[in-house]
Amino acid sequence: MAFALVLPLFLPPALPAQESQKTYQTRYAAISYAEEKDLHTFTRNTGSGLSFLRENPERNPLLAKTQVDKIVETICSLLDMHPPNLRFNITLYRTQEEVTTAYYRASGGANAYKSQGISGAAPISFYSHRTRNIAVAIDNITDGILGHEIAHAIISAYFVTPPPARMQEILAQYMDKHFRDQ
């Protein structure tokens, strides 16, 4: 299961220019989004199992904070990596197409992407160590996908010099396997 690629050099992702950017803070992350409904959709889609049926993100504004922070703490425990002062950003995009555009912009365009020897489609989500940002589309985010990207953030923060992308992917996939069991 491969759904991420770590970009060592990355321009900060931007939400579409016509929309104002809002920020929601958790203990570990700053979540950027355009509208409240985007944060609610993200919260609902990253809820484990059927937990979203018990709590409504529109009625419980702390639910996103609780969910993201719980995922971070679970992954830190699974990887046995507890970086001090862990902080990263999560940018919520409305569609996969917006994430793909941000990814190609970050990698210097589709031609630069291919010239770097990287083939295939852009990842469904990605983490940038340089900007400490996770880019996700709210229309297809799950707690597993978010957990995978958070694993990249934790791994990059834990080591003084982050491991190569392939090694990070192995560790993130290890986390994928065990995260589902939690």
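The values are calculated or read from the model by the stated rules, or taken from the named source; none is laboratory data. If you're wondering where the values come from, they're calculated on a predicted model, not measured in any experiment. Every residue, glycine as well, gets a Cβ built from its backbone with ideal geometry; the counts of neighbours run over all protein chains shown. With ligands, DNA and RNA removed, areas are computed over all heavy atoms of the protein, side chains included. Shrake-Rupley method; radii C 1.70, N 1.55, O 1.52, S 1.80 Å.
State which residue is farthest from Asp38 (Cα to Cα) when the search covers only segment 134-161 and only residues that are open to solvent by 10 Å² or more (accessible area, probe 1.4 Å) and of a type in the set (D, E, K, R).
Checked segment 134-161; the qualifying residue farthest from Asp38 (Cα to Cα) is Asp143.
Hey, among the residues in segment 10-46 that are at pLDDT 85 or above, among the hydrophobic types (A, V, I, L, M, F, W, C) and more than 15 Å from Asn60 (Cβ to Cβ), which one's surrounded by the most Cβ atoms within 10 Å (Cβ to Cβ)?
Ala29
Regarding segment 161-179, can at least one residue be identified that is among the hydrophobic types (A, V, I, L, M, F, W, C) and part of a loop (DSSP other than H, G, I, E, B)?
no
Which one is modelled with the lowest pLDDT, of the residues in segment 67-118 that are among the aromatic types (Phe, Trp, Tyr) and surrounded by 17 or more Cβ atoms within 10 Å (Cβ to Cβ)?
Tyr113
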